[in-house]
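Notes for the one structure printed next.
The values are calculated or read from the model by the stated rules, or taken from the named source; none is laboratory data. Keep in mind that what you see is a predicted model, and the values were worked out from it rather than measured. When we count neighbours, we look across all protein chains shown, and the Cβ atoms used for this are built from the backbone with ideal geometry, even at glycine.
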Amino acid sequence: MRSDRGTPGAPGERHTEGMNELNNPVVWTILGCEIGFWVLVLGGLALRYVARAERVSTVVLALVPVLDVVLIAAVALDLHRGGEVGFAHRLAGIYLGCTIMFGKRMIVWADERFAHRFAGAPAPHRVPKLGPERTRKEWEDFGRWLGAVVIASAVSLGLGYTVASDAQRESLMGVFGTLGVITVIWLLTGPLWVAGRRPSA
């Protein structure tokens, strides 16, 4: 019965749902993991290139995957406690997939810039905006995204059939619609868009 909660989709209800998302512990866990990722990466690289503590730097950078474990544990615990599935729960799997598929490359990106700034390494190579090299990069990025889709799907299914209730599982499976929309937009605005353009003379 929803008679005491107003009409579904009404402004008041959407406002309440938005506030619930902000109060969702999973949202804050995702934000904490993102902040923690960059703290570990930048801190580890600073230790390597500024403090010259390479061994400690390696240990710090090796802690990055621990954040993924923390995120999945937080989502699983919230589902086990009967938490209402919202956008944050579906986002968690996508976030995990992206950190696994793109995280190492982001670390390399930061490492190249630290090495150039503090260790005299050559300036990082910049991929041109158009041309064969850019097209290859766009297809590589899209391939990584497809890998992230597989991981996000596996995580959502794993949580859905282990700790989630039937109702939670049904809501959690909404992630596949989100993944489909992102995939189509990425394909059209990424590799296909770049491949269809030519550098100006």
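Values computed for the structure shown
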item	result
Flag for residue 90 being surrounded by 16 or more Cβ atoms within 10 Å (Cβ to Cβ), farther than 25 Å from residue 33 by Cβ and in contact (Cβ under 8 Å) with a residue 40 or more places away in the chain	no
Complete set of residues in the range 144-164 that are surrounded by fewer than 14 Cβ atoms within 10 Å (Cβ to Cβ) and over 19 Å from the mean Cα position of the chain (by Cα)	161, 162
Matching residues in the range 73-125 - criterion: being in a helix (DSSP H, G or I), within 13 Å of residue 168 (Cα to Cα) and acidic (Asp, Glu)	78
Residue check, residue 69 of a type in the set (Val, Ile, Thr) and surrounded by 13 or more Cβ atoms within 10 Å (Cβ to Cβ)	no
Tabulated pairs, the range 70-82, first charged (D, E, K, R), second in a helix (DSSP H, G or I), C-beta under 8 angstrom, 6+ apart or interchain	78/25; 78/26; 78/89
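A quick yes/no check of all residues on (1) under 16 Å from the mean Cα position of the chain (by Cα); (2) modelled with pLDDT under 95; (3) surrounded by 14 or more Cβ atoms within 10 Å (Cβ to Cβ); (4) of a type outside the set (Asp, Glu):
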| position | (1), (2), (3), (4) |
| --- | --- |
| 18 | no, yes, no, yes |
| 36 | yes, no, yes, yes |
| 43 | no, no, yes, yes |
| 47 | no, no, yes, yes |
| 52 | no, yes, no, yes |
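So that you can scan it fast, the table gives a plain yes or no per residue for (1) more than 24 Å from residue 37 (Cβ to Cβ); (2) exposed (fewer than 14 other Cβ atoms within 10 Å of the Cβ); (3) modelled with pLDDT of 95 or more:
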site: 114; (1), (2), (3): no, no, yes
site: 139; (1), (2), (3): yes, no, yes
site: 142; (1), (2), (3): no, no, yes
site: 180; (1), (2), (3): yes, yes, yes
site: 195; (1), (2), (3): yes, no, no
